[in-house]
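Since the structure comes first, as C-alpha cells, the remarks are kept for the end.
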C-alpha cells in the first residue's frame, strides 16, 4: 500500500467503528489540517509557481472534503466538536530537517505530506473494506482514491522541484523507515491516525 | 461606504497603479489571509454549525480569488513573490478583546474580519474607478462586490450568533471609531491596506 512498511493493527477498525462520531470529527480536522498545510506550503515557498498553483487547488479540494465529512455527521444527527491532538502527525513532523538548505525543508515538507496521505489512504482503505456500514464503506472508498492521488502529487512535486538536488526515492525510503518506527505505537485509538 | 468614517487618501491610487506587481502580490496574500482566518474561526468555534458551514465556503471562495489574482500576475508576465507584513491588519487585531467571555472574542473576530472586508471593499472601489487599466478596473469592480457581500456575512453572523449577548451595532461603531483612528496613518504605500 503505497510502500508503507507496516500495516495498521487490524483491531483498529473495530475501535473506529464503535466511535463513528469521534472518527468523523477527527477526519474532518485531518482534511482541515491538510488544507492549512497546503496553504502554508504556498506561503512559505512562493518562488515555485507550480507548487503555489497545485497547493491552492489542493487546499480547496481538502476543504470540500471537510464539507463532505460535516455532511456525514449531519446525516447521522451527530454534532461536530473540538479538535483533538494528532500525536502521530506531531511525531512525523519531527523528521523534517530543520535549518540547512531551503530545498531540504521543502523536500521534507512535501514528503511529510505524502506520508500522511499514504497512511490516511491505508486507513481509509481498511474502513472501506471492513466497516460495518454500507454508506461509510462507499464514502471511504472514494476518499481513499483522493488520498492516493494526493500522495502521488506530493512525491511528483518533490521530484520535479528538487529532484536535481537530492535523490527523492532515497529520502522517501528514509521517511518510510521512520514512519514504520512510530506507527508501531498507534492503532489502538478512535482517530484516523490513532 | 459600509459606514467607514474616513475615506482613503486619494493619492493612494496613484501610488498603487505605479506598483501593479506589488499591489497584486499583496492582494493575493490578503485573499490567502482571509481564507486562513476563516479556517481559524471554524477551528476555534466548532460549536456553532452555522459559523463552520459559512467559514468553510468563504475559505474556498477566498482561495479562488487568490487564484484569480495569480492569474492576473501571469497574464502580465509578473512573478508572484514573498508576503509582506500588513501593519494595518496588525493594528486592527489589537482591538480584539482578549480573555473575558468566549462570545466577546467571537464577536470581535467577526467584526475584525468585517472591518477588513469593508476597508478592502473601499480600496477596491477606488481601484475600480480610478486605476488607469480597463482590465483591472473590471477585475476590482467584481471583487469589490464580493468584499461587500463578505462584510455583510460577518456582520449578520455576529448578530445571529451573539446578538442576544451584546448590541452588535454598538460594538461595530466602536470598531468604526478605532479603525478611523488608525487608517489616518495609512494611504501612502503600494499595498492594499498600505
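No other residue among A:71, A:60 is in contact with a helix residue (DSSP H, G or I) (Cβ under 8 Å, 6 or more places away or on another chain), under 15 Å from residue B:57 (Cα atoms) and either surrounded by fewer than 18 Cβ atoms within 10 Å (Cβ to Cβ) or modelled with pLDDT of 95 or more (or both) apart from A:60.
Residues of the range A:83-95 that are in contact with a helix residue (DSSP H, G or I) (Cβ under 7 Å, 6 or more places away or on another chain) and either farther than 17 Å from residue A:187 by Cβ or within 11 Å of chain B (Cβ to nearest Cβ) (or both): A:83, A:93, A:95. For residue B:122, the conditions (1) more than 10 Å from chain A (Cβ to nearest Cβ); (2) closer than 27 Å to residue A:37 by Cα; (3) in a helix (DSSP H, G or I); (4) under 16 Å from the mean Cα position of the chain (by Cα) are fulfilled apart from (2). When residue A:165 is tested against (1) in a helix (DSSP H, G or I); (2) over 28 Å from residue A:76 (Cβ atoms), only condition (1) is not met. When B:80, B:66 are checked against the criterion of being in a loop (DSSP other than H, G, I, E, B), at the interface with another protein chain (Cβ under 8 Å from one of its Cβ atoms) and surrounded by 17 or more Cβ atoms within 10 Å (Cβ to Cβ), B:80 stands alone in meeting it. Of all residues assigned to the range B:16-28, at least one qualifies as being within 11 Å of chain A (Cβ to nearest Cβ), assigned to a helix (DSSP H, G or I) and out of contact with any strand residue (DSSP E or B) (no Cβ under 6 Å at 6 or more places or on another chain).
Please pick out the residue among A:91, A:108, A:132 that is in a helix (DSSP H, G or I), surrounded by fewer than 20 Cβ atoms within 10 Å (Cβ to Cβ) and in contact (Cβ under 8 Å) with a residue 40 or more places away in the chain. Only one candidate passes the filter, namely A:91. Taken together, the residues in the range B:32-57 that are at the interface with another protein chain (Cβ under 10 Å from one of its Cβ atoms) and in a helix (DSSP H, G or I) amount to 16.
The values are calculated or read from the model by the stated rules, or taken from the named source; none is laboratory data. Remember, predicted model here, so these are calculated numbers, not experimental data. Counting neighbours? That spans all protein chains shown, and the Cβs are built from the backbone with ideal geometry, glycine included.
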